[in-house]
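*Asks:* Have a look at this one before I ask anything.
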Amino acid sequence: MTATWALACPRCGRAALLEAPLGERGTVVAFTVLSVPGDEFLNDAPYAYVVVELDGGGRVTGWMPSIKSEGDLAIGARVHFVPGYKPGVQFARDADAPVPR
Ligand SMILES: [Zn+2]
């Protein structure tokens, strides 16, 4: 996965940052279902906004268009990164789509 980037370290404010590869698989640690999205996601609502603990370390926020209600996802669900043209970091449940190698 290509990471989104920040302008400075959120902990110490240092601006000299390095790019680091992130794992493409992980576990949902928090989520909510959004029914009133921003303009970029108008055609995808409802969808889940998720926090994923990546295998190998790090947490990222992302979204999951296949999740239409809170019953469609659970804390602890295994997910993987889905490359695409839409903004944000998109994930899919391992059970819903092929898992990348
Ligand atoms: Zn720092």
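No value in this document is a laboratory result; all are computed from the given coordinates. Quick caveat, the model's predicted, so the values are computed rather than measured. A quick note on method: Cβ atoms are made from the backbone with ideal geometry, for glycine too, and the neighbour counts reach across all protein chains shown.
*Asks:* Can you give me the distance in nm between label points at residue 20 and residue 61, each placed 7 Å from the Cα along the Cα-to-Cβ direction?
*Replies:* Distance between the two pseudo-spin positions: 2.0 nm.
*Asks:* Could you work out how much longer the chain between residue 86 and residue 51 gets when fully extended? Use 0.36 nm per residue separation minus the Cα distance between them, nm to one decimal.
*Replies:* Difference between extended and current length: 10.8 nm.
*Asks:* What is the Cα radius of gyration of the chain over 2.2 N^0.38 Å, N being its residue count?
*Replies:* Scaled against compact globular proteins, the figure is 1.11.
*Asks:* Let me ask something additional. Could you pull out every residue, at least 5 positions away or on a different chain, whose amide H is within less than 5 Å of the one on residue 55? Hs are placed 1.01 Å off N in the peptide plane, and Pro or chain starts have none.
*Replies:* Long-range HN contacts for residue 55: 25, 26, 27.
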